[in-house]
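What follows is one structure encoded as structure tokens, with my remarks underneath.
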Amino acid sequence: MGIEIEDKFDVPPEFEIPDLGGLADVAGPKSYQLVALYFDTPDLRLAARGVTLRRRRGGADAGWHLKLPKAKGVRQEITHPLTRSTKLVPQELAELVRAYTRGAELKVVAELETRRSVTILKDGETGLVEIADDRVKGTVYGAEPKIVRWREVEAELLEGGTRQLLAKVGKRLRKAGASASESTSKLAKLLEPAPLPTAPTEPGSAGEIVIGYLAGQVKALLSQDPRVRRADEDAVHQMRVAARRLRSALKAFKTVVTDTGEVQEELRWLGTVLGEARDLEVIRARFTEALAGLAPELVTGPIQARLGSDLHKREEEAYERIKEALSGDRYYVLLDSLDRLVAAPALGKAAARPAQTELRSVAAANWKRVTKRYDEAQAIEDLERRELAMHDVRKAAKRARYTAEALQPSLGADLGKLAKLAENVQEVLGTYQDGVVAQETLAKEAESARQAGEDTFTYGLLIGIERNAAERAHAEFPRVWKETVKAVSKVL
């Protein structure tokens, strides 16, 4: 897997690469002949989502290439060695796009023949930026093949380069007559897939804001699917957050988008599926850091193996269960439901009302829900039941935070402040809860170690550290709550 950071430019036929001297040493140009077959479903599901899957011959990187949608200027590219077959996609790559294809056949939809001229900016032997000048002949396959020709230039950051240098290259290219490309890829320029359907809403309405947010979170969830299947770092967390944000939004905006109970339950299921591996991932990292902070003489017995490799094994098993779930019909039915939710939702009367008034009141109601949960918890005399009720306060604060974050781009800075205040409540309660869970996990591992005849001194030491951290958070919360309530009253 590689990471692409590149800028693409449309250029006229007579365009000339400008002098790049002074930026770095210049090597080239060197010419290549590339032939690429592009695979997609018959209705172009990959292209519609900004995904490209190709088999390319020629050049320095012949093989199979899967490019995932660009995010924050970065695009992931996953490669696979060239296979003999020109019709069958390698199973590994086909699996990574299942969230997009959902069982539909992958077939050749287009062919690109490219005469590429490559110039490289270097520092000694280290490549900094590659400038590829491409003359392209594209063929779209169908009942009647269509041929399109064009020229474009790509400037791609190499391992030794910087974004600042890439920006300087782009400035010279634009000065010479290049313009930023509107297409995300050559294939998108060639096929021009229809935009994903989105429900028609009135500009400035509550419906427009909510549907736009939901569409963004569906996109975020889908973008993490291939990364989760590869067990990439933080992917499970990001996918779980997207699922939680979607579910939270459907609860918060139930007067705008109605009849979403079934989708909410399925999002809860997905969050639970992802949660096991994520929780193990977090607690394993937590224990690794805690052990690293102890003096060597305080670490006794094979505790590092139990809290490291043993938990990691459980985490890997949890990942296998995730992959199984992501390959099942229930998951694909959920994805279809999310697409329909964005394209043709059941809209309530509130959807047509102005966003400023309708949605601001939703944010206020969600914060009021936090205070209500807090008052209910404090009224419980039994300490154990009260602590369980405070967990509901944390969940309510998270929902208030997600709601405010969803509305901040359209309703302004006050909602951003509300989101931050709700997050403060969530984090302090979360610190306490995490400490409690860590103590329970350590106690179970200590019992297993004791039964195996191992020294359990360090387990007790870690339990003490976790108990202290939890108690500090518990003691700090009344002050945080008082300050937060006062600050929120100035925002809402």
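The values are calculated or read from the model by the stated rules, or taken from the named source; none is laboratory data. Just so it is clear, the structure is predicted and the values come from calculations on it, not from any experiment. When we count neighbours, we look across all protein chains shown, and the Cβ atoms used for this are built from the backbone with ideal geometry, even at glycine. Note: accessible area is taken over every heavy atom of the protein model, side chains too, but ligands, DNA and RNA are not part of it. Shrake-Rupley method; radii C 1.70, N 1.55, O 1.52, S 1.80 Å.
Taking the conditions (1) open to solvent by 70 Å² or more (accessible area, probe 1.4 Å); (2) at positive phi in turn, Glu381 satisfies each one other than (2). Within region 29-58, the residues that satisfy the criterion of being among the basic types (Lys, Arg) and exposed (fewer than 15 other Cβ atoms within 10 Å of the Cβ) are Lys30, Arg57. Against the numbered list (1) open to solvent by 30 Å² or more (accessible area, probe 1.4 Å); (2) over 30 Å from Glu454 (Cα atoms); (3) β-branched (Val, Ile, Thr); (4) in a helix (DSSP H, G or I), Val282 comes up short only at (2). Of the residues in region 194-207, at least one is assigned to a helix (DSSP H, G or I) and of a type outside the set (Ser, Thr, Tyr). Restricting Val169, Val118 to residues that are more than 30 Å from the chain's Cα centre (by Cα) and open to solvent by less than 40 Å² (accessible area, probe 1.4 Å) narrows the list to Val118.
Output the residues belonging to region 405-463 that are polar (S, T, N, Q) and within 30 Å of Val485 (Cα to Cα). Outline the logic, then answer.
Step one: list which residues in region 405-463 are polar (S, T, N, Q), which gives 408, 410, 424, 426, 431, 433, 439, 441, 448, 451, 456, 458.
Residues satisfying the conditions are Gln408, Ser410, Asn424, Gln426, Thr431, Gln433.
Can we say Leu96 is in contact (Cβ under 8 Å) with a residue 24 or more places away in the chain, of a type in the set (A, V, I, L, M) and buried (at least 18 other Cβ atoms within 10 Å of the Cβ)?
Yes: the conditions hold for Leu96.
Of all residue pairs spaced 6 or more apart or on separate chains, those with beta-carbon atoms under 8 Å, a first member in region 475-492 that is more than 17 Å from Gln378 (Cβ to Cβ) and a second member that is assigned to a helix (DSSP H, G or I) and open to solvent by 20 Å² or more (accessible area, probe 1.4 Å) are Ala487/Lys417; Ala487/Leu421; Val488/Leu421; Val491/Asp414; Val491/Lys417; Val491/Leu421; Leu492/Ala364; Leu492/Asp414. When you check Thr357 against the structure, is it under 17 Å from Ile209 (Cβ atoms), of a type outside the set (A, V, I, L, M, F, W, C) and either touching a residue at least 24 places away in the same chain (Cβ under 8 Å) or open to solvent by 60 Å² or more (accessible area, probe 1.4 Å) (or both), yes or no? Spelling it out, Thr357 is indeed under 17 Å from Ile209 (Cβ atoms), of a type outside the set (A, V, I, L, M, F, W, C) and either touching a residue at least 24 places away in the same chain (Cβ under 8 Å) or open to solvent by 60 Å² or more (accessible area, probe 1.4 Å) (or both).
Listed by first and then second residue, the pairs linking a residue in region 379-399 that is over 15 Å from Trp481 (Cβ atoms) to a residue that is surrounded by 12 or more Cβ atoms within 10 Å (Cβ to Cβ) and basic (Lys, Arg), with Cβ atoms under 7 Å apart and 6 or more places separating them unless they lie on different chains, are Ile380/Arg386; Arg399/Lys251. Mind checking whether some residue in region 246-269 is open to solvent by 30 Å² or more (accessible area, probe 1.4 Å), in a helix (DSSP H, G or I) and over 30 Å from Arg369 (Cα atoms)? Among the residues of region 246-269, not one is open to solvent by 30 Å² or more (accessible area, probe 1.4 Å), in a helix (DSSP H, G or I) and over 30 Å from Arg369 (Cα atoms), which makes the answer no. Give the residue that is farthest from Arg401 (Cα to Cα), with candidates limited to residues of region 224-243 that are out of contact with any helix residue (DSSP H, G or I) (no Cβ under 6 Å at 6 or more places or on another chain) and open to solvent by 40 Å² or more (accessible area, probe 1.4 Å). Filtering first and then ranking leaves Arg230. Filtering region 190-223 to residues that are surrounded by fewer than 16 Cβ atoms within 10 Å (Cβ to Cβ), of a type in the set (D, E, K, R) and touching a residue at least 24 places away in the same chain (Cβ under 8 Å) leaves only Glu202.
Report whether or not Gly142 is among the small types (Gly, Ala, Ser) and touching an Asp or Glu at 6+ places or on another chain (Cβ under 8 Å). Full working, then the answer.
Values: among the small types (Gly, Ala, Ser): yes; touching an Asp or Glu at 6+ places or on another chain (Cβ under 8 Å): no.
Answer is no for this residue.
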